[in-house]
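To keep things clear, I will list the structure first and then write my remarks on it.
Quick note: the coordinates plus some simple rules give every number you see, no bench work behind them. Computed from a prediction, not measured in an experiment: that's the story for all the values here. Using ideal geometry, Cβ is built from the backbone for each residue, glycine included, and neighbour counts are taken over all protein chains shown.
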Amino acid sequence: MNVTLTEKEILQEKTEYTGVHPQKFALWIAMASMTMFFAALTSALLVKKGDYRSWEGFTLPTVFLFSTFAVIGVSVCIHAALLSYRKSKFAQFRWLMFFSFLLGCLFLMLQLKGWSVLQAVGMTLTENLSGSFLYVITAAHGVHIAVGLLVMLVFIVNAFKNRKDPIYELRDIINPKRQLHLELLVSFWHYIDAVWVYLYIFFFLNYR
């Protein structure tokens, strides 16, 4: 018995708890990588913009402003959903997640509309470098949004499917594992929404 206690004490001394969940830390690493990715794309755009012979200026379509409002709405709704879950307001949580999903889909639809506006004015993917960069960067960001929507959809389906779970929801008890996953999802959406706000401001200043 004494040997077991000694081994336990040694393990505790050698184990340092940082206060950060491993999954959250992994998400931070992933977000740092995505930040470098988008920073590299926008930096390349600035470099190519300096070549006036191959760069054709045009005005950024207004529809991208509306998509910015939509993506901000996603952050507001999904954060409200997290707060509702923490307060065990599960019905409110489910509907807020649903509205967040709809706003995310609206964002992608508005992005596609922006592409169609660009094509209508003759700015296609391969027409000019200025247009190509806009297509590539918005498409890369759209892929991240699509991944977030897929994860959100799984969350919503499970939330509605388990809405009569006697262990948690009928007793107003929070599921710690589900709360952790929800916090990860909300953090991802706040990040990817912030990335788009940055990209929109960047595009607005460089396409005018």
Taking 0.36 nm per residue of separation between Arg86 and Val151 and subtracting their Cα-Cα distance, the length gained on full extension comes to 21.4 nm
Please give the contour-minus-distance gain from Trp95 to His190: 0.36 nm per residue of separation, less the Cα-Cα distance, rounded to one decimal in nm. 32.3 nm
Estimated inter-spin distance, Ala26 and Leu108, nm [label 7 Å along Cα→Cβ]: 2.4 nm
Computed, not fitted: 222 nm per-residue ellipticity of the chain from DSSP H runs ≥ 4 (each -39500 (n - 2.57)), nearest 500, equal to -27500 deg cm²/dmol
Simple spin-label estimate for Phe204/Ile174, 7 Å along Cα→Cβ, in nm, reads 3.5 nm
So how tilted is helix 129-161 from the main axis of the chain? Cα-based, degrees 0 to 90, rounded to 10. 30 degrees
Set Lys113/Lys161; Lys87/Lys164; Lys24/Lys89; Lys24/Lys87; Lys89/Lys161 screened for pairs whose C-alpha atoms are more than 26 Å apart: Lys113/Lys161
Test of the criteria: in the range 56-127, which chymotrypsin sites (Phe, Trp or Tyr not before Pro) are in a DSSP loop and have at most 10 other Cβ atoms within 10 angstrom of their Cβ? none
Mean Cβ count within 10 Å, highest first, over the residues of peptides 35-42, 150-157: 150-157, 35-42
Residues whose placed amide H lies under 5 Å from that of Phe58, excluding near-sequence neighbours: Arg208
Degrees, to the nearest 10: 90-120 long Cα axis against longest axis of the chain: 20 degrees
If one takes the longest principal axis of the Cα atoms in the chain, at what angle in degrees, from 0 to 90 and to the nearest 10, does the Cα axis of helix 63-86 lie? 10 degrees
List the trypsin sites (Lys or Arg not before Pro) within the range 27-79 that fall in a DSSP loop (any state other than H, G, I, E or B) and whose Cβ has at most 10 other Cβ atoms within 10 Å. Arg53
